[in-house]
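Report on one structure; see the data block that follows.
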Amino acid sequence: MKILIVLTSHSALGNTSEKTGFWIEEFATPYYVLADAGADITIASPKGGQPPVDPKSELKEAQTPSTERFYKDNMLIDKVAYSLKLSDVKQDDYDAVFYPGGHGPLWDLATDKYSIKLIEEFYNHQKPIAFVCHSPAALINTKAENGEPLIKGKYVTSFSNTEEDAVKLTHIVPFLLEDELKKNGAHYYKGDDWTSYVKQDGLLITGQNPASSGAVAKLLLKILKGEK
């Protein structure tokens with residue numbers, strides 16, 4: 001199992017002086033679920049090199065056993081620091097792709113031409129594509145082979161409007177992800193705020209929030225292993 005993990009390269013939280021990036025738990029938990037199952041994992045980002053970390057994901061209340069494991073894992077920390085440039089990555093080298101969240105993807109992965117092309121190629125080659133929290137933003141400009149939005153008619157979830165409101169970023173983000181997915185014709189569903197909630201539509205897997213990241217990775221693993 002060769003899996004590509006795509007992280008954001010965007011670090012500025014809108015016009016505020018605050019920083020954003022990828023959410024550590026949404027990377028670490030899926031990484032270890034997949035790696036512990038024997039997956040060979042490659043990490044990429046739009047700019048390559050060290051992807052920015054969302055500082056809020058380093059706060060005490062955001063820590064989990066997987067983040068604690070990550071902080072002690074110098075080999076993985078180095079691997080993240082030397083992420084490949086997305087423009088150098090080819091779909092045919094991998095069996096699946098996984099996008100962790102954090103607010104960063106709203107600014108870069110939503111419109112990154114290499115990311116868009118990559119997702120379309122994975123999907124058109126019948127390979128699973130998985131997203132969690134804010135990373136379904138990477139789907140909003142993807143197209144199906146018929147030219148319509150790739151997510152049109154698909155069952156999806158993502159970080160919800162109510163969760164965005166709870167973190168007081170509704171007026172900072174470039175768009176509300178829940179609204180944008182619906183605009184593109186997706187059937188949007190959500191669970192209770194901050195609880196694990198995952199939707200699968202064929203080869204497309206989406207998770208609502210950080211609590212959903214492990215469940216998304218386990219579902220991706222089941223698909224790769226051909227399990228029902």
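The values are calculated or read from the model by the stated rules, or taken from the named source; none is laboratory data. These numbers come from a predicted model, not from an experiment. Ideal geometry is used to build each Cβ from the backbone, glycine not excepted, and the neighbour counts take in all protein chains shown. These accessible areas exclude ligands, DNA and RNA; they are computed on the full protein's heavy atoms, side chains included. Shrake-Rupley method; radii C 1.70, N 1.55, O 1.52, S 1.80 Å.
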### Message
Criterion first (more than 18 Å from the chain's Cα centre (by Cα), closer than 18 Å to His103 by Cβ, hydroxyl-bearing (Ser, Thr, Tyr) and not in a strand (DSSP E or B)) does Ser17 satisfy it?
### Response
yes
### Of residues in the stretch 84-135 being in a helix (DSSP H, G or I) and touching a Gly at 6+ places or on another chain (Cβ under 8 Å), the one nearest to Lys222 (Cα to Cα)
Ser135
### Query
Thr162 fails exactly one of the following numbered conditions: (1) assigned to a loop (DSSP other than H, G, I, E, B); (2) more than 23 Å from Leu34 (Cβ to Cβ). What is the number of that condition?
(1)
### Members of the stretch 14-34 that are among the hydrophobic types (A, V, I, L, M, F, W, C), open to solvent by less than 30 Å² (accessible area, probe 1.4 Å) and out of contact with any Phe, Trp or Tyr (no Cβ under 9 Å at 6 or more places or on another chain)
Phe22
### Residue list for the stretch 85-123, restricted to those being open to solvent by 60 Å² or more (accessible area, probe 1.4 Å) and more than 21 Å from Ser213 (Cβ to Cβ)
Lys85, Asp88, Lys90, Asp92, Asp93, Thr111, Lys113, Tyr114, Lys117
### Query
Quick one: Glu178 ticks every box in (1) assigned to a helix (DSSP H, G or I); (2) under 15 Å from Ala211 (Cα atoms); (3) free of Cβ contacts under 8 Å to residues at least 40 places away in the same chain bar one, so which box is it?
(2)
### Lone qualifier among Tyr71, Tyr82 - being farther than 16 Å from Lys2 by Cα, in contact with a strand residue (DSSP E or B) (Cβ under 9 Å, 6 or more places away or on another chain) and either surrounded by fewer than 22 Cβ atoms within 10 Å (Cβ to Cβ) or free of Cβ contacts under 8 Å to residues at least 12 places away in the same chain (or both)
Tyr82
### Task
Would you tally the residues in the stretch 211-225 being assigned to a helix (DSSP H, G or I), open to solvent by 30 Å² or more (accessible area, probe 1.4 Å) and either more than 10 Å from Pro128 (Cβ to Cβ) or touching a residue at least 40 places away in the same chain (Cβ under 8 Å) (or both)?
6
### Message
Filter the stretch 36-83 down to the residues that are in a helix (DSSP H, G or I), within 26 Å of Lys222 (Cα to Cα) and not aromatic (Phe, Trp, Tyr) and list them by number.
### Response
Asp36, Pro65, Ser66, Thr67, Glu68, Arg69, Leu76, Lys79, Val80
